[in-house]
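Peer 1: I'd like to ask some things about the structure below.
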Amino acid sequence: MTEISLLDATAQADLVRTGEVSATELVEAAIDRIEALNPTLNAVISTTYDEALARAAGGLSGRLAGVPYLLKDLVIERAGTPFTEGSRFLAGNVSTVTSELAARLERAGLIILGRTSTCEFGMAPTCEPVLYGPTRNPWSTDHSTSGSSGGSAAAVASGMVPMAHGNDAGGSLRYPAAACGLFALKPTRARVPLGPLYGDVANGMAVEHAVTRTVRDSALLLDLTAGAALGDPYPPPPLARPLVAEVGDDPGRLRIAVSTRRADGEPPHPDCRAAVDQAVALLSDLGHEIVEADLPGLSGEVGAAIGTMFDALTAWIVSYWTRRRGREPRPDELEPLTWAYWQAGRRVSAADYLTAVETIQRFARMVAAFLTTYDCFLTPTMSTPPAPIGWITSTAEDPYRALWRGGQTVAYAAVVANLTGNPAMSVPMTWTADGLPMGIHALGRFGGEAVLIRLASQIEAARPWADRIPPVHASILTSAHLTS
């Protein structure tokens, strides 16, 4: 059963469908892997094993029937299960509602085993909440998984489960995928529903999907979960056909803009430049046209608007949970960065917020015009290799330390895709001399997941990554090794 940890979700579902392995066997094996690996990685923060085993034994339907899955502890809820969003303010909270996405995941046949860790309210590019402690990177346990979907990334990279849920309001799927050697697609705005509790989070910045080992898993999962739900504020743009049909299809000769210029103006890290150089060589060999070009419009005004949006977002999050909890948080229940964001957000007026929205919408039009000339825009995903554990943290004396330090690792502004609503992806490309993964990032046209999936699967076929196994992985380490 340890060999199953090397299979993607599509292959595991095929084993169940053909009767070679039962759903119960898949779930039991995944539980064993989580129990063996989690003491080292601290990726999973709550479990629902009994419920999962009962569901596995009860007969399943759906394309992914029997495949074990984990939910990130953020946004997505399941009635009767713990839900804390990485915050001491929510310690002991139990959901009373089930999100539409959770229902769709279960209709697809996935069996949910528990929840993965995230930073508090998903507001930093790491996964080191005070409530649960740091999640460690399977490629080097001294290093961060980035974030905020870091628990899910560690769980998938280590072979606990073949794929896991995540969400993304500023790069939170793509950064941890890059840090952990995985694939992540950030879908087009509104592609996956946020209801029934939410309709549109932060003017469409927040989206739901997953981190996966393979492109086909990401495409299939999005096919099974995409589409507007009743009452959604706006529908997503239609896809011409299922995304899984795009896997392996020839993307044709794409015109790809490439840049290694960081948004903060600092020179690119050598490992980031190396990843892009290797990508450019590969894409050129595959017949694509590569053009050096910078994304227009990333001005100081846009940067200030982003800050306003995140301040307001944090104020909304705390206000939302204040209503649900029936009281405001105490100072010792929020981390220093969250507290600082919250206080700043309370000073944002309605006019400030709407002005920021208009600034971002003007910027989105500039990006849309730029992408009429190019099929996608390529950069490194992260601006440094994964940071050491403890680096992206704040203190009461320096509450914004995590923001400034975290920003040094994500200076290529993956948040652009969240501002514009465009799809984007991180694709594994290379590893540093220290064995840490480095990804490349592609921003696509609005509604253009199909082109990104074709391109990603072409890269995957030419330069496979799923056979690269980190030092902490279910297939090579036993529980005794991990805890010794």
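Peer 1: Checking the condition modelled with pLDDT of 95 or more, surrounded by 15 or more Cβ atoms within 10 Å (Cβ to Cβ), over 30 Å from residue 436 (Cα atoms) and not hydroxyl-bearing (Ser, Thr, Tyr), which residue from 283, 239 passes?
Peer 2: Numbers: 283 fails: over 30 Å from residue 436 (Cα atoms).
Result: 239 is the single residue among 283, 239 that is modelled with pLDDT of 95 or more, surrounded by 15 or more Cβ atoms within 10 Å (Cβ to Cβ), over 30 Å from residue 436 (Cα atoms) and not hydroxyl-bearing (Ser, Thr, Tyr).
Peer 1: Ok, one more. Does any residue in the range 23-44 that is over 16 Å from residue 135 (Cβ atoms) and aromatic (Phe, Trp, Tyr) come within less than 7 Å, Cβ to Cβ, of a residue that is part of a loop (DSSP other than H, G, I, E, B) and at pLDDT 95 or above six or more places away or on a different chain, and which pairs are these?
Peer 2: Listed by first residue and then by second, the contacts come to nothing, as the list is empty.
Peer 1: Examine the range 15-22 for a residue that is modelled with pLDDT of 95 or more and either within 20 Å of the chain's Cα centre (by Cα) or among the hydroxyl-bearing types (Ser, Thr, Tyr) (or both), and state whether such a residue exists.
Peer 2: So far as the range 15-22 goes, yes, one or more of its residues are modelled with pLDDT of 95 or more and either within 20 Å of the chain's Cα centre (by Cα) or among the hydroxyl-bearing types (Ser, Thr, Tyr) (or both).
Peer 1: Follow-up question, since we're still on this one. Residue by residue through the range 107-122, note down the ones that are out of contact with any helix residue (DSSP H, G or I) (no Cβ under 6 Å at 6 or more places or on another chain) and either aliphatic (A, V, I, L, M) or free of Cβ contacts under 8 Å to residues at least 12 places away in the same chain (or both).
Peer 2: Residues satisfying the conditions are 110, 112.
Peer 1: Looking at (1) in contact with a helix residue (DSSP H, G or I) (Cβ under 9 Å, 6 or more places away or on another chain); (2) under 30 Å from residue 293 (Cα atoms); (3) in contact (Cβ under 8 Å) with a residue 24 or more places away in the chain, find the lone condition where residue 358 falls short.
Peer 2: Against the list (1) in contact with a helix residue (DSSP H, G or I) (Cβ under 9 Å, 6 or more places away or on another chain); (2) under 30 Å from residue 293 (Cα atoms); (3) in contact (Cβ under 8 Å) with a residue 24 or more places away in the chain, residue 358 comes up short only on (3).
Peer 1: While we're on this one: Name, by its number, the condition in (1) among the hydroxyl-bearing types (Ser, Thr, Tyr); (2) closer than 29 Å to residue 443 by Cβ; (3) touching a helix residue (DSSP H, G or I) at 6+ places or on another chain (Cβ under 8 Å) that does not hold for residue 99.
Peer 2: With respect to (1) among the hydroxyl-bearing types (Ser, Thr, Tyr); (2) closer than 29 Å to residue 443 by Cβ; (3) touching a helix residue (DSSP H, G or I) at 6+ places or on another chain (Cβ under 8 Å), residue 99 is out only on (3).
Peer 1: Given the conditions (1) in contact (Cβ under 8 Å) with a residue 24 or more places away in the chain; (2) under 27 Å from the mean Cα position of the chain (by Cα); (3) farther than 22 Å from residue 413 by Cα, and given that residue 289 satisfies all but one, which numbered condition is not satisfied?
Peer 2: Going through (1) in contact (Cβ under 8 Å) with a residue 24 or more places away in the chain; (2) under 27 Å from the mean Cα position of the chain (by Cα); (3) farther than 22 Å from residue 413 by Cα one by one, residue 289 breaks only (2).
Peer 1: Scanning for something in a helix (DSSP H, G or I), surrounded by 20 or more Cβ atoms within 10 Å (Cβ to Cβ) and not hydrophobic (A, V, I, L, M, F, W, C), does the range 315-328 turn up at least one residue?
Peer 2: no
Peer 1: Out of all the residues in the range 157-176, which are within 26 Å of residue 448 (Cα to Cα) and either more than 10 Å from the chain's Cα centre (by Cα) or modelled with pLDDT under 95 (or both)?
Peer 2: The answer is 162, 163.
Peer 1: Looking only at the range 422-466, filter to residues that are of a type in the set (D, E, K, R) and touching a Leu at 6+ places or on another chain (Cβ under 8 Å); which one of those is nearest to residue 287 (Cα to Cα)? Walk me through how you get there before you give the answer.
Peer 2: So the first thing to find is which residues in the range 422-466 are of a type in the set (D, E, K, R), and the list is 434, 445, 449, 454, 460, 463.
Adding the requirement that they be touching a Leu at 6+ places or on another chain (Cβ under 8 Å) leaves 445, 449, 463.
Details: 445: 20, 449: 20, 463: 15 Å.
Among residues in the range 422-466 that are of a type in the set (D, E, K, R) and touching a Leu at 6+ places or on another chain (Cβ under 8 Å), the one nearest to residue 287 (Cα to Cα) is 463.
Peer 1: From the list 65, 91, 169, which one is among the small types (Gly, Ala, Ser) and over 26 Å from residue 319 (Cβ atoms)? Quick ask: steps written out before the conclusion?
Peer 2: Details: 91 fails: over 26 Å from residue 319 (Cβ atoms); 169 fails: over 26 Å from residue 319 (Cβ atoms).
Only one candidate passes the filter, namely 65.
Peer 1: Still on this structure: For the range 198-227, name all the residues that are without any contact (Cβ under 8 Å) to a residue 40 or more places away in the chain and under 27 Å from residue 315 (Cα atoms). Let's see the steps before the verdict.
Peer 2: As a first pass, look at the range 198-227 and keep what is without any contact (Cβ under 8 Å) to a residue 40 or more places away in the chain: 199-200, 223, 226-227.
Selection gives 199, 200.
Peer 1: Just for strands (runs of 3 or more DSSP E) wholly inside the range 174-268: which have at least 3 residues that are touching a Phe, Trp or Tyr at 6+ places or on another chain (Cβ under 7 Å) and over 23 Å from residue 109 (Cβ atoms)?
Peer 2: Values: elements: 183-186, 207-212, 255-258.
Ranges flagged: 255-258.
Peer 1: Take the residues in the range 414-443 that are among the hydroxyl-bearing types (Ser, Thr, Tyr) and more than 15 Å from residue 209 (Cβ to Cβ); name whichever of them is surrounded by the fewest Cβ atoms within 10 Å (Cβ to Cβ). Steps first, answer last, please.
Peer 2: Keep residues of the range 414-443 that are among the hydroxyl-bearing types (Ser, Thr, Tyr), which gives 420, 426, 430, 432.
Those left that are additionally more than 15 Å from residue 209 (Cβ to Cβ): 420, 430, 432.
Numbers: 420: 25, 430: 20, 432: 18.
Going through the qualifying residues, I end up with 432.
Peer 1: Right, next: Return the pair list, or none, for Cβ contacts closer than 9 Å from residues in the range 52-71 that are within 13 Å of residue 15 (Cβ to Cβ) and buried (at least 19 other Cβ atoms within 10 Å of the Cβ) to residues that are modelled with pLDDT under 95 and not basic (Lys, Arg), at least 6 apart or on different chains.
Peer 2: Listed pairs, sorted by first residue: 66/60.
Peer 1: Now, a different point. Checking the conditions here, which among 349, 383 is of a type in the set (Ser, Thr, Tyr) and more than 30 Å from residue 280 (Cα to Cα)?
Peer 2: Going through 349, 383 in turn, just one is of a type in the set (Ser, Thr, Tyr) and more than 30 Å from residue 280 (Cα to Cα): 349.
Peer 1: Hey, another quick one. Looking only at the range 157-173, count every residue that is more than 21 Å from residue 77 (Cβ to Cβ) and not in a loop (DSSP other than H, G, I, E, B) and tell me the total.
Peer 2: Selection size over the range 157-173: 1.
Peer 1: While we're here: Give 452, 443, 419 a once-over and let me know the one that is of a type in the set (A, V, I, L, M, F, W, C), modelled with pLDDT of 95 or more, under 16 Å from residue 205 (Cα atoms) and touching a strand residue (DSSP E or B) at 6+ places or on another chain (Cβ under 6 Å). Steps first, please.
Peer 2: On the way: 452 fails: under 16 Å from residue 205 (Cα atoms); 419 fails: touching a strand residue (DSSP E or B) at 6+ places or on another chain (Cβ under 6 Å).
Exactly one of 452, 443, 419 is of a type in the set (A, V, I, L, M, F, W, C), modelled with pLDDT of 95 or more, under 16 Å from residue 205 (Cα atoms) and touching a strand residue (DSSP E or B) at 6+ places or on another chain (Cβ under 6 Å), namely 443.
Peer 1: So which residues in the range 365-397 are part of a loop (DSSP other than H, G, I, E, B), aliphatic (A, V, I, L, M) and more than 25 Å from residue 269 (Cβ to Cβ), if there are any at all?
Peer 2: From the range 365-397, those part of a loop (DSSP other than H, G, I, E, B) are 371-375, 381-387, 389-397; that's our starting set.
Next, from what is left, pick out any that are aliphatic (A, V, I, L, M): 371, 382, 387, 389, 392, 396.
If the condition is that a residue be part of a loop (DSSP other than H, G, I, E, B), aliphatic (A, V, I, L, M) and more than 25 Å from residue 269 (Cβ to Cβ), then 371, 396 are the ones that fit.
Peer 1: Can you name the condition, by its number, that residue 253 falls short on among (1) on the phi > 0 side of the Ramachandran plot; (2) without any contact (Cβ under 8 Å) to a residue 40 or more places away in the chain?
Peer 2: (1)
Peer 1: For the range 177-197, state whether one or more residues are closer than 20 Å to residue 151 by Cβ, under 20 Å from the mean Cα position of the chain (by Cα), buried (at least 24 other Cβ atoms within 10 Å of the Cβ) and charged (D, E, K, R).
Peer 2: Yes.
The values are calculated or read from the model by the stated rules, or taken from the named source; none is laboratory data. All figures in this text were calculated on a predicted structure; none of them were measured in a lab. Cβ atoms come from the backbone with ideal geometry, glycine included; neighbour counts cover every protein chain shown.
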